[in-house]
1. Just subtract the alpha-carbon distance of Ala20 and Lys141 from 0.36 nm times their residue separation and send over the number in nm, one decimal.
2. Given N residues in the range 31-126, what is its alpha carbon radius of gyration divided by 2.2 N^0.38 Å?
3. Roughly how many whole Å is it from the C-alpha centroid of the range 131-164 to that of the range 1-64?
4. Pull up all non-local amide H partners of Leu9: gap of 5 or more, or a different chain, and H-to-H distance under 5 Å with H placed in the peptide plane.
5. At a 1.4 Å probe, what is the % contribution of carbon and sulfur to the accessible area of the range 1-127?
6. Angle check, please: helix 45-54 long axis (alpha carbons) against the longest principal axis of the chain (alpha carbons), in degrees 0 to 90, nearest 10.
7. Residue by residue, what Karplus-based ³J(HN,Hα) values in Hz, rounded to whole numbers, does the range 94-105 have, using 6.51, -1.76 and 1.60 with θ = phi - 60° and x for Gly and Pro?
8. Non-local amide H neighbours of Leu41 (under 5 Å, H modeled in plane, Pro and chain starts lacking H): which ones?
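The values are calculated or read from the model by the stated rules, or taken from the named source; none is laboratory data. Just so it is clear, the model here is predicted, and its values are computed rather than measured. With ligands, DNA and RNA removed, areas are computed over all heavy atoms of the protein, side chains included. Shrake-Rupley method; radii C 1.70, N 1.55, O 1.52, S 1.80 Å.
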Amino acid sequence: MGTDLKSVLITKEEIGAKLAELAAKIDAEYAGKDLLLVGVLKGAVMVMADLARALSTPVTMDWMAVSSYGAGTQSSGVVRILKDLDTDIKGKHVLIVEDIIDSGLTLSWLLSNLGSREPASLEVCTLLRKPEAAKVAIDVKWIGFDIPNEFVVGYGLDYAEKFRNLPFVGTLAPHVYGG
Ligand SMILES: O=P(O)(O)OC[C@H]1O[C@H](OP(=O)(O)OP(=O)(O)O)[C@H](O)[C@@H]1O
Ligand code: HPA
Ligand SMILES: [Mg+2]
């Protein structure tokens, strides 16, 4: 961690408590239904792993890899599919699991892409959201934390592929990205 981080924004304990809270609501919503969690690689790996274990509802899990940030701190706006789902989601209850909604461009694209595959339902759960950064309005059912418009890392979130393994969410010192 050293001096590359400016501050801890959300602790490991706060993340755990929030995921337990969200899991209880998701359990209630999908009681008696088959639920497919779709994790968005790579950032959502930690949220997916911890949220899935906090749920009592039996779920299946699939993954999609899309990338719009590359090595920078700004979304390019161009979303690329790096890996598609392994399964057909037609008729299934699908919950997209994300680490962060920043500009909203990734999710907006993903919702229309997955929506066109005719799932029985399609909702979103995200750990973090930056309301001030939104470039498109998105209807998100479950949100962990609204955070300020600052670049964050940790708990799956990277800067140039680094910091994903931090157990908390922190802000990056400006010198790291040349700010
Ligand atoms: O709302 P947006 O501005 O579109 O940003 C959010 C997306 O950006 C990040 O992914 P990234 O493209 O960095 O890929 P990664 O998960 O592999 O790091 C993050 O995991 C979200 O998927
Ligand atoms: O603040 C962020 N940090 C890391 N990855 C991201 N992808 C979108 N916003 C962010
Ligand atoms: Mg990234």
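1. 42.0 nm is the gain from fully extending Ala20 to Lys141.
2. On the way: Rg = 13.1 Å, N = 96, 2.2 N^0.38 = 12.5 Å.
Ratio of Rg to 2.2 N^0.38 Å for the range 31-126: 1.05.
3. 14 Å
4. Val169, Gly170, Thr171
5. On the way: 3200 of 6040 Å².
For the range 1-127, the apolar C and S fraction of the accessible surface comes to 53 percent.
6. 50 degrees
7. Using θ = phi - 60°, the values come out as 10, 10, 6, 10, 10, 7, 8, 10, 10, 6, x, 5 Hz.
8. Met64, Ala65, Val66
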